[in-house]
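Data first, discussion second: the structure below is written as structure tokens.
None of the figures in this text is laboratory data; all of them are computed from the coordinates on show. In this text the structure is predicted, and so the values were computed from the model without any measurement. Using ideal geometry, Cβ is built from the backbone for each residue, glycine included, and neighbour counts are taken over all protein chains shown.
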Amino acid sequence: MNSTIETILAHRSVRKFKKQPLTTEQIETIVRCAQSASTSSFIQAYTIIGVTDKEKKQKLAELSGNQPYVAENGHFFVFCADLYRHEVIGEIEGRDVIPSLESTEKFMVSLIDTALAAQNAVIAAESMGLGICYIGGLRNRLEEVKALLQIPERVIPLFGLAVGYPDQETDKKPRLPLHHVYQENLYNSDKEKIQKDLEEYNKVVANYYKERTGGVREDTWTGQMSNMLSRRVRMYMKEFVEKQKMDLR
């Protein structure tokens, strides 16, 4: 096993960072690594906004659900799906690119490109001994995030990424066993098998929480997921996406 694989397999989220900012070199290296990710048809449909202003970071922490580690970290990145520059490309080249930019396909490409870039950034950061935490809570109040960061149409802030020097020891959550997620040649939709597999995984997850909390919690994965999925959250997203002139057809 090489050091890259060891870094990937050791991943865990960090939610408490030392008060030590990243250097310019570290930030640029992380961004360059993000840019080295695969991109569909060379479209590069994303922009990364580094937030260094303390007041803006504090506001983003509030908008993300009062998560302190959004404000207190070594550096905070906001990853945006971005087709705005491609509208400019159409104007430069005198071509009608709008129907394509407003297609579901290009919307999906922008999301995929952004996610691939972000994961490259994470691996780069963790390989430098830094910790990270993805911030999906950024989507709680996107209109306000949009105003704060002066986001134009055809751009969607998808998530934040807090990066810094860890100031806590965190446990690694047990992922689904490999045979749950890797299948060959076809999708096995046998519900009885899926239910049996999930019951086995529930025992692993419950034991993880029991050991971690000294018996205070024994959550199961299906219990967590059903609680989460039964709540209607961020239901405004389709309206916001359409307002940003992305995925209109």
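Laid out as a table, the results:
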{"quantity": "Dipole magnitude of the range 1-112 about its Cα centre (Cβ charges: Lys, Arg +1; Asp, Glu -1), debye to nearest 20", "calculated": "720 debye"}
{"quantity": "Residue (of Gly223, Asn185, Val155) at the positive-pole extreme of the range 153-249, dipole from beta-carbon charges", "calculated": "Val155"}
{"quantity": "Overall dimensions of the chain as given by Cα atoms, namely Rg and Dmax in Å", "calculated": "20.1, 65"}
{"quantity": "Under Karplus coefficients 6.51, -1.76 and 1.60, residue-wise ³J(HN,Hα) of the range 8-14 in Hz, glycine/proline x", "calculated": "5, 6, 8, 4, 7, 7, 10"}
{"quantity": "Burial order of peptide ranges 236-244, 180-188 (average beta-carbon count within 10 Å, highest first)", "calculated": "236-244, 180-188"}
{"quantity": "For the range 65-211, convex hull volume per residue from C-alpha positions, Å³", "calculated": "198 Å³"}
{"quantity": "Ranked packing of 120-132, 167-179, most packed first, by mean Cβ within 10 Å", "calculated": "120-132, 167-179"}
{"quantity": "Selection from Val122, Val70, Gly90, by position along the positive dipole direction of the chain (Cβ)", "calculated": "Val70"}
{"quantity": "Highest-first arrangement of 70-83, 214-227, where packing means the average Cβ count within 10 Å", "calculated": "70-83, 214-227"}
{"quantity": "The range 142-210 versus the range 59-109: alpha-carbon centroid distance in Å", "calculated": "22 Å"}
{"quantity": "Debye, to nearest 20: dipole size of the chain, +1 on Lys, Arg Cβ, -1 on Asp, Glu Cβ", "calculated": "700 debye"}
{"quantity": "Pairs of Cα atoms farther than 21 Å apart, the range 1-98, %", "calculated": "53 percent"}
{"quantity": "Relative contact order (%) - criterion: Cα under 8 Å, at least six apart; region: the range 143-249", "calculated": "31 percent"}
{"quantity": "Helical contribution to [θ] at 222 nm, DSSP H n ≥ 4, -39,500 (n - 2.57), averaged over the chain, rounded to 500", "calculated": "-14000 deg cm²/dmol"}
{"quantity": "Stokes-Einstein D (µm²/s) once Rh is taken as the Kirkwood radius of the range 178-218 over alpha-carbon pairs, at 25 °C in 0.890 mPa s", "calculated": "209 µm²/s"}
{"quantity": "Sequence-distant residues sharing a close amide H with Phe159 (under 5 Å, placed H)", "calculated": "Phe79"}
{"quantity": "Average Cα contact separation per residue, the chain, under 8 Å, 6 or more apart, as relative contact order %", "calculated": "26 percent"}
